[in-house]
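One structure is given below, encoded as structure tokens.
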Amino acid sequence: MEMDQIRRITALPCPERIRLLKENMVSEPRYATIEQASIVTRSYQASEGQPRCIRRALALKAALEEIRIRIDPEERIVGNRTAGVRGGVVFPETGASWVDREFETLPTRPQDKFQIRQEDIDEFRRDILPYWKGRSLEDQVRQATGPQVDAIAKVVKINQKDHSQGHICPNTQKWLALGPRGILKQARELRKTANEEKKRNFYESVILSMEGACRFMERYAALARSLYEQTGRENLNKTAVICTKLAQEPPETYHEAVQSTWFLYVILQMEGNASSFSPGRMDQYLYPYYENSRRAGMTLEDALELTECLWLKFNQLVYLRNSNSAKYFAGFPIGFNVAIGGQTGDGRDASNDLSYLFLQAQSHLLLPQPNLSLRICKDSPQELLELASRVIGRGSGMPQVFNDEAVIPALESHGVSHADAMNYAIVGCVELTTHGNALAWSDAAMLNLLKALELTLHHGVDQLTGEKTGLDLGDLTDYATFEELESAFAKQIDYFSDRMVECVTAVEKMHEQLLPTPFLSAVIDDCMALGKDVTQGGAHYNFAGVQAIQAANIADSLAAIKQLVYDEKRIPAQRLLHALETNFAGDAVLRTMLLNKVPKYGNDIGWVDELGAKWVNYFANRLEQYRNGRGGIYQMGLYTVSAHVPMGQNVAASADGRRSQDPLADGGVSAMYGRDTNGPTALLQSVARLPFVKASNGTLLNMKFLPQFFQTDTGIRKFCNLLRAVCKLGISHIQFNVLNEADLRAAQKEPEKYRNLTVRVAGYTAYFTELAPDLQEEIIARRTYESA
Amino acid sequence: MNGIIFDVKRFAVHDGEGLRSTLFLKGCPLRCPWCQNPEGIGPAPALWYNPAVCVGCGGCVGVCPAGALTLNGRVHADRTACTLCGKCVDLCPSGALSLCGRTVSAQAAAELLLRDRVFFGADGGVTLSGGEVLLQWEFSAEVLALCRAAGVRTAIETSMMGPRAAFEALLPVTDQFLTDIKIFNAEEHRRLLGADNRLILDNYRFLHQQGASVLTRTPLIPGYTDSEDNIRSIARFARSVNPDASYELLNFNPLCRSKYSALERDYPVQGGALTHRELERFYDILAQEGIVHIIKE
């Protein structure tokens, strides 16, 4: 791109309209709502006896026709699934029992709070809950496989038991090209020639869904028109015109395409209420519309304002999870993941005006959504990296960075075609996907390898409950060599993997029976061609993803046992076992030794890192032996989002010196907090030893930086050098937390967790936590000064 | 050949251009009262103790064959009795005791520095620092030559307090010299730093005569170097040697006080970093003296 154009884009201010809309949005309270639940329940009651996919389509159609809608007079992009913004949608098809149990606690629970209305609770218990008792996904899964899920729960967390599977990147390009009317026509044609009733039902369900979609757009057109008549505001008139058009025809302008895109995601959420539907490479497929409009005279200011209107919209849908799930996935993430940059199919730089406009929008709004992802490759333009670095330095944690050089080979080695791999996108937080043709079931389960190691060290007995939940293969004193311990550990992993796959298969089956998603299936290839819903395996790619938890703790624990117990024989196995069983009570010196006398993952110490690599590799290979319910393969991910905290609560003291129930390492491939003391380059060299080619489900690396680093042009250039090295090292993903004052205060309170936090100065580096309190204050003050 | 080093700092972002790895060499001929790396002044390895992480188990006292250690709230070491055998360091569960300084071959030092090669890019590289690089110039030249041979850019940070022969050896293998002129007044220099600065200024001229790439630096130390007169004189001198001189003022950083408390020594410098406004005043002085290339924070 031309430097002048980049300069023009990065000079654009945040539009006044956006400030107003943002203010309105964040000041509105967030409520749990049962409106859709009651529409859907009535629809189900009226459709007894019909095929499930038809019933679901009818329920969606009813919701699209009846749900209350609202337009803020300032809006230029409209649409929501609730009348209020950021509503927590009760979705009884997937889970009603947990809502019943937790409804009253929603305003006060520790994570992801929602306001409630007493009349909603009453109506829910009177009219909705009784119908779904025993019928919801949650209850059916419990009936089918509850005891099996519970039996392995401390080692394996099975997901999607009470909500839909999301983490899907639909074919937005197709949606834009055809519009709901075009897809409807296509479905009618295909229904004519369908040779099986099942297929005819599928097409019928698509037709019903698309009829609902058209009606939804028309309702917005009507509302906008009437508001225009009351207020005379031109943006409302334009909205009325655009919504009317989109109900009938595909979009042509940037404004129309953005509005159309947003309708798609609102309706997907109304149908699925899933943790994430991701737009993917929006800078690519919206570009032709942008170009069209620019040629017709759209200004850069206008393009940015429309983009930021959409950015605000991404924040108006949040996800209501049960309290346990909210701990694992805190911050009601709904994962509108937008990928920018990357390469074209033939390997050229794909960045364009929109890539830069999207970064500029992020830098103005600094909101949690969209989850903005930058794809980099060895030839990424320096200007793009520099702007991205500046936005990262503003501290919203975005854009996160994905590395084409690592991701594309990983996908290809798991059966993805070269063309689809080059066009990959990200869904949810960090999960990898192809564009528009996959149901990757990215969060099938998480397997806690550290818990499996605990069971292996102690006769299969859970050290927190005393129950025997794993295989009894002996204890540490029985394993004569480190290799014997490793072979027992492998058996334990196999044991839990087998059971996990049985549970996941049962859950998938329930989704197929209860939750066909015709609207979604219409925008996932090859469902329409095959006449098959995504839940039945209609997608071109059918993966299931399982996360290995957690490389750092496994590497550190095994390294400590190997070095101190087996190699140096400094600690008798019995002493270590006793210390772990008693959470180091009475043997603080042993814990100090575990922490300090053995090198840790994250410091560029080959043999330690290789232990982590070996076991995630082992697990990945094991996974690849199974097939999922839709006929696809399992693939491994290395990420936890916030699950390192609850997963840590399940594990007793470990040989890495971690105390009982303390969190595990965060992120996925990060070092245990505070233990990567050789600086960021050493951490990255360690991380690079993990088998990223095996981790095709996605990985997560968190790094922390002080804001000073981003405050000069030299700093920005150095940061870009770091990004380019990450690219060369073949690390799939990295995201950066830029610390603020609150973080530094936290480091003062809990120094052990922040031991790696360094303050870099000429000549040497100081560790923040080792500085005297007055010097720490100086750093904090300097930060405040420099940000002013 | 072998050298004695006391640290390798990876991801160094202030020791030259780009991202660098910096090797710290033991031993320094100067005695700057504000020294940021007091552990690097002595030429030989020494026992280093960090009371902040010590758990007070006392194991070290029992294991010391020389009886050099005592425990009294913290560990005290009789450095004259200590033979640097390392037994206490090996035993110490917390890492509070360590040996500062170790002997490595030039080959091993270069390998340490080159580990992060992937990060160096076009502008980064390796930097030798100290202590004073010139005290071990033969070793330094060998390390830098190895890095150069690997295609990596090289720099040294030096007080220039060393023999001409050192520069002759280093010039062919060094891409950039980061040279400190701390105090211009000869008498002041002798009084505060324990040595004459004539050699420093001569070497500075020599580097320019040889066409070396030189960045002139002065650390701004409150009460020591931060007088208008001092900065003006250095700037004037630098410009007289090279009208096109690049000059960087390093703001004072008080963080090293923690090291002094670990050594049970008082840190003589009062006060903190200079404010933005104070820095600006010095930048103005440099500009008045005709310095065109002022490297700012």
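The values are calculated or read from the model by the stated rules, or taken from the named source; none is laboratory data. Bear in mind the structure is a predicted one, so any value in this text is a computation, not a measurement. Here the Cβ positions follow ideal geometry from the backbone for every residue, glycine too, while neighbour counts run over all protein chains shown.
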Next on the checklist: I'd like to know if region A:612-632 contains one or more residues that are in contact with an Asp or Glu (Cβ under 9 Å, 6 or more places away or on another chain), in a strand (DSSP E or B), small (Gly, Ala, Ser) and surrounded by 23 or more Cβ atoms within 10 Å (Cβ to Cβ).
Outcome noted: no
Next on the checklist: Any residue in region B:15-28 that is facing chain A (nearest Cβ under 8 Å) sitting within a Cβ distance under 6 Å of a residue that is in a strand (DSSP E or B) and of a type in the set (Asp, Glu)? List the pairs, counting only those 6 or more apart or interchain.
Outcome noted: B:PHE24/B:ASP7
Checklist entry - Considering A:ARG591, A:ARG570, which residue is part of a helix (DSSP H, G or I), charged (D, E, K, R), under 16 Å from B:LEU91 (Cα atoms) and within 13 Å of chain B (Cβ to nearest Cβ)? => result A:ARG591
Checklist entry - Does A:GLN574 meet the test of being in the same structural domain as A:HIS540 (by TED's automatic domain parsing) and crowded, with 23+ Cβ neighbours inside 10 Å? => result no
Item to check | Number of the condition not met by A:PHE91 [criteria: (1) part of a loop (DSSP other than H, G, I, E, B); (2) surrounded by fewer than 18 Cβ atoms within 10 Å (Cβ to Cβ)] | outcome: (2)
Checklist outcome for this item: If you go through A:LEU190, A:LEU184, the only one that is assigned by TED's automatic domain parsing to the domain that holds A:TYR424 and in contact (Cβ under 8 Å) with a residue 60 or more places away in the chain is A:LEU190
Checklist entry - With region A:473-542 as the region, which helices (runs of 4 or more DSSP H) entirely inside it contain at least 3 residues that are polar (S, T, N, Q)? => result A:482-514
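Out of the residues in region B:29-47 meeting the condition of being in contact with a strand residue (DSSP E or B) (Cβ under 8 Å, 6 or more places away or on another chain) and within 13 Å of chain A (Cβ to nearest Cβ), tell me which one is farthest from B:CYS256 (Cα to Cα).
Across region B:29-47, the extreme among qualifying residues is B:GLY40.
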Checklist entry - Within region B:268-288, is there a residue that is within 25 Å of the chain's Cα centre (by Cα), more than 14 Å from chain A (Cβ to nearest Cβ) and among the aliphatic types (A, V, I, L, M)? => result yes
Next on the checklist: Step by step: first the residues of region B:1-14, then only those that are under 23 Å from A:THR769 (Cβ atoms) and either more than 10 Å from chain A (Cβ to nearest Cβ) or out of contact with any helix residue (DSSP H, G or I) (no Cβ under 7 Å at 6 or more places or on another chain) (or both), then the one that is surrounded by the most Cβ atoms within 10 Å (Cβ to Cβ). Which residue is that?
Outcome noted: B:ALA12
Item to check | Residues within region A:642-689 that are more than 14 Å from chain B (Cβ to nearest Cβ), surrounded by fewer than 24 Cβ atoms within 10 Å (Cβ to Cβ), part of a loop (DSSP other than H, G, I, E, B) and among the polar types (S, T, N, Q), tallied | outcome: 4
Item to check | Exclusive hit being of a type in the set (Asp, Glu) and touching a helix residue (DSSP H, G or I) at 6+ places or on another chain (Cβ under 7 Å), set A:ASP346, A:ASP302, A:ASP283 | outcome: A:ASP283
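Please determine whether any residue of region B:206-228 is within 12 Å of chain A (Cβ to nearest Cβ), surrounded by fewer than 16 Cβ atoms within 10 Å (Cβ to Cβ) and β-branched (Val, Ile, Thr).
No; the residues of region B:206-228 include none that is within 12 Å of chain A (Cβ to nearest Cβ), surrounded by fewer than 16 Cβ atoms within 10 Å (Cβ to Cβ) and β-branched (Val, Ile, Thr).
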Checklist entry - Among (1) modelled with pLDDT of 95 or more; (2) within 11 Å of another protein chain (Cβ to nearest Cβ), which single condition is B:ASP123 missing? => result (1)
Checklist entry - Out of A:GLN118, A:GLN148, A:GLN160, which single residue is modelled with pLDDT under 95, under 30 Å from A:VAL99 (Cα atoms) and of a type outside the set (Gly, Ala, Ser)? => result A:GLN160
Next on the checklist: Looking at region B:277-297, I want the residues that are among the small types (Gly, Ala, Ser) and have a partner that is assigned to a helix (DSSP H, G or I) and modelled with pLDDT of 95 or more with Cβ atoms under 6 Å, at least 6 apart or on another chain. Which pairs are those?
Outcome noted: B:GLY290/B:ARG239
Checklist outcome for this item: Of the residues in region A:270-287, those that are farther than 19 Å from A:ALA425 by Cα and outside any loop (DSSP other than H, G, I, E, B) number 3
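Can we say A:ASP122 is touching a helix residue (DSSP H, G or I) at 6+ places or on another chain (Cβ under 6 Å), surrounded by fewer than 22 Cβ atoms within 10 Å (Cβ to Cβ) and not assigned by TED's automatic domain parsing to the domain that holds A:ASP353?
Numbers: touching a helix residue (DSSP H, G or I) at 6+ places or on another chain (Cβ under 6 Å): no; surrounded by fewer than 22 Cβ atoms within 10 Å (Cβ to Cβ): yes; not assigned by TED's automatic domain parsing to the domain that holds A:ASP353: yes.
The answer is no for A:ASP122.
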Next on the checklist: Of everything in region B:91-110, what is within 14 Å of chain A (Cβ to nearest Cβ) and either in contact (Cβ under 8 Å) with a residue 60 or more places away in the chain or touching a strand residue (DSSP E or B) at 6+ places or on another chain (Cβ under 9 Å) (or both)? Give them in sequence order.
Outcome noted: B:LEU91, B:CYS92, B:ALA96, B:LEU97, B:SER98, B:CYS100
Next on the checklist: Against the condition modelled with pLDDT of 70 or more, more than 30 Å from A:ARG375 (Cα to Cα), assigned to a helix (DSSP H, G or I) and not aliphatic (A, V, I, L, M), how does A:THR769 come out, does it pass?
Outcome noted: yes
Checklist entry - Which one is farthest from the chain's Cα centre (by Cα) among residues in region A:56-88 that are assigned to a helix (DSSP H, G or I), of a type outside the set (A, V, I, L, M, F, W, C) and surrounded by 20 or more Cβ atoms within 10 Å (Cβ to Cβ)? => result A:LYS61
Checklist outcome for this item: Filter region B:267-295 for residues that are closer than 28 Å to B:GLY42 by Cβ and at pLDDT 90 or above; the one that is surrounded by the fewest Cβ atoms within 10 Å (Cβ to Cβ) is B:PRO268
Next on the checklist: Condition first: closer than 18 Å to A:ALA153 by Cβ, buried (at least 16 other Cβ atoms within 10 Å of the Cβ) and in the same structural domain as A:THR582 (by TED's automatic domain parsing). Can you find one or more residues in region A:474-489 that meet it?
Outcome noted: no
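Residues checked against (1) buried (at least 24 other Cβ atoms within 10 Å of the Cβ); (2) not charged (D, E, K, R):
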position	(1), (2)
A:GLN400	no, yes
A:GLU405	no, no
A:SER417	no, yes
A:ALA421	no, yes
A:LEU439	yes, yes
A:ALA444	yes, yes
A:LEU449	yes, yes
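Just a yes or no: is a residue in region A:717-727 at pLDDT below 80 and either assigned to a helix (DSSP H, G or I) or away from every other protein chain (no Cβ under 13 Å) (or both)?
no
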